[in-house]
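This report concerns only the one structure given below.
Derivation of every value follows stated rules applied to the coordinates shown; laboratory data play no part. This one's a predicted model, so the numbers in the text were calculated from it and none came from an experiment. Note: ideal-geometry Cβ built from the backbone for every residue, glycine included; neighbour counts use all protein chains shown.
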Amino acid sequence: MRRANFSTGGASEFDSQQKPGPNQLAERLMPAAASVLIIDDDPMHLRIYGWIVEAAGYTALPAQVMSGGVELPEDVADLVLLDYNFAGRMTAVEVAKLVHARLPRAPILLLSDAFALPDDIAPHVQAFIRKGDPAKLVDKLHELLGPVRDTKSSEVLNP
């Protein structure tokens, strides 16, 4: 890594290029958008929830549950969006346990058609939301992950 020398006569990493504007400095100083691991057995749901997550300003990391299990991405997620009903042999409880082993600090937000949080998974998740209301999902993401900043203007997009 090259160090900047700010004493007179020394070269800095900015000398060979234009001086960075406020937006460029903000991009260097701002953390990357929080990432959301989306776990579902339906590829269409993975795409839909991915669009919602990205439209809310976060990075979507899809993981499809198959009959033989689920392959979690290598990326570290800040939150896990977990579907409750799977068509295969795995249950949401089994997937939640796998997630906790791999990402012990990431809260799990459960998505379900149920009217209330199912008892079997309650000890494994930190939040619950019913499917079908993207605005509530986005509100819950903001609540759990904090505000998203616009890297171009450094403004908070969802106070």
Interchain or long-range residues, amide H under 5 Å from ALA106's placed H: none
For PHE86, net neighbour charge (Lys/Arg +1, Asp/Glu -1) across residues whose Cβ lies under 11 Å away: -4
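Out of the DSSP beta bridges found with both residues in the range 31-145, what percent are antiparallel (nearest 5)? Each step should come with its number before you reach the end.
Values: 2 of 20 bridges.
Close to 10 percent.
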Gained length - GLU94 relative to ILE48, 0.36 nm times residue gap less alpha-carbon distance: 14.2 nm
Total formal charge among the other residues, if their Cβ is under 10 angstrom from that of VAL70, Lys/Arg +1 and Asp/Glu -1: -4
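Within the range 50-128, report the trypsin sites (Lys or Arg not before Pro) that DSSP leaves as loop and that have at most 12 other Cβ atoms within 10 Å.
Listed in order of number, the matching sites are ARG89, ARG105.
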